[in-house]
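One structure below.
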Amino acid sequence: MSLLKKISKGEVWAFIPARSGSKSIKNKNIFKLNNKPLLYYTFQVLKKIKKVKKVVFSTDSKKYIKIASKYGKFDTHLRKKYSSTDKATDLDVFQDFISQIKKENKKLPEFFLHLRPTTPVRNFKIVENALYYFLKNSKKFTSLRSVSHLVNPPQRSVLIRVEIDSPSRQT
């Protein structure tokens, strides 16, 4: 049976990617904000969105699975090594997940709601309204991406490091 025949029309699953091996901020997905790990906030938003039929928690960490299980029900996608590196893209992670589903001969949803734990300050109403807008217009669009206005001018959001070899530093 082709993959297209295994798609549940109109169904939405949430997909939460939470890799454990961050090099910049160690364990950033479980970093505590107001005494709760960041992934807690994603689960709180999802509890309020009625259209999501299933939550998929994608990780390479049993520790993360244990922590996440305190905050919501989900199916686990235990990532393969290639989709757990710092160079792995979102596409790599989704392809790994879809390949696992195909092997298990299971159905997929027509749509995914991709929510990263590292965006803890979300207004569920905005997410829900965007999802409903997208579903209503899904014949016109293939995806929806959230963006937000910068509080500061863009030049204040970027740090450029330049080493200047000053005469006082020369020997």
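The values are calculated or read from the model by the stated rules, or taken from the named source; none is laboratory data. What you see is a predicted model, and the numbers here were worked out from it, not measured in a lab. Heads up, the Cβs are rebuilt from the backbone with ideal geometry, glycines too, and the neighbour counts pull from every protein chain shown. The area values use the complete protein model at the heavy-atom level, side chains included, leaving out ligands, DNA and RNA. Shrake-Rupley method; radii C 1.70, N 1.55, O 1.52, S 1.80 Å.
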- Are any of the residues in segment 21-33 part of a strand (DSSP E or B) and within 18 Å of His114 (Cβ to Cβ)? no
- Any chance Ser83 is polar (S, T, N, Q) and surrounded by fewer than 16 Cβ atoms within 10 Å (Cβ to Cβ): no
- Meets criteria (outside any strand (DSSP E or B), open to solvent by 10 Å² or more (accessible area, probe 1.4 Å) and either among the charged types (D, E, K, R) or at pLDDT 95 or above (or both)) for Tyr40: yes
- Task: Enumerate the pairs (first residue in segment 9-24 and touching a residue at least 40 places away in the same chain (Cβ under 8 Å) and open to solvent by 10 Å² or more (accessible area, probe 1.4 Å); second residue anywhere and hydrophobic (A, V, I, L, M, F, W, C) and assigned to a loop (DSSP other than H, G, I, E, B)) with beta-carbon separation below 9 Å, excluding pairs fewer than 6 apart on the same chain, so at least 6 apart or on different chains.
- Result: Pro17/Leu115; Arg19/Ala88
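Would you call Lys53 open to solvent by 60 Å² or more (accessible area, probe 1.4 Å), without any contact (Cβ under 8 Å) to a residue 60 or more places away in the chain, over 19 Å from Val121 (Cβ atoms) and basic (Lys, Arg)?
On the way: open to solvent by 60 Å² or more (accessible area, probe 1.4 Å): yes; without any contact (Cβ under 8 Å) to a residue 60 or more places away in the chain: yes; over 19 Å from Val121 (Cβ atoms): yes; basic (Lys, Arg): yes.
Judged against the criteria, Lys53 is a match.
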- Any chance segment 59-76 includes a residue that's assigned to a loop (DSSP other than H, G, I, E, B), touching an Asp or Glu at 6+ places or on another chain (Cβ under 8 Å) and either closer than 22 Å to Ile126 by Cα or open to solvent by 90 Å² or more (accessible area, probe 1.4 Å) (or both)? no
- Item | Residues (more than 19 Å from Tyr133 (Cβ to Cβ) and either modelled with pLDDT of 80 or more or basic (Lys, Arg) (or both)) located in segment 1-14 | Lys5, Lys6, Ile7, Ser8
- Report, by residue number, each residue of segment 86-124 that is of a type in the set (Asp, Glu) and either outside any helix (DSSP H, G or I) or surrounded by fewer than 17 Cβ atoms within 10 Å (Cβ to Cβ) (or both). Asp86, Asp90, Asp92, Glu104, Glu110
- If you scan segment 125-144, which residues turn out to be among the hydrophobic types (A, V, I, L, M, F, W, C), assigned to a loop (DSSP other than H, G, I, E, B) and more than 18 Å from the chain's Cα centre (by Cα)? Phe141
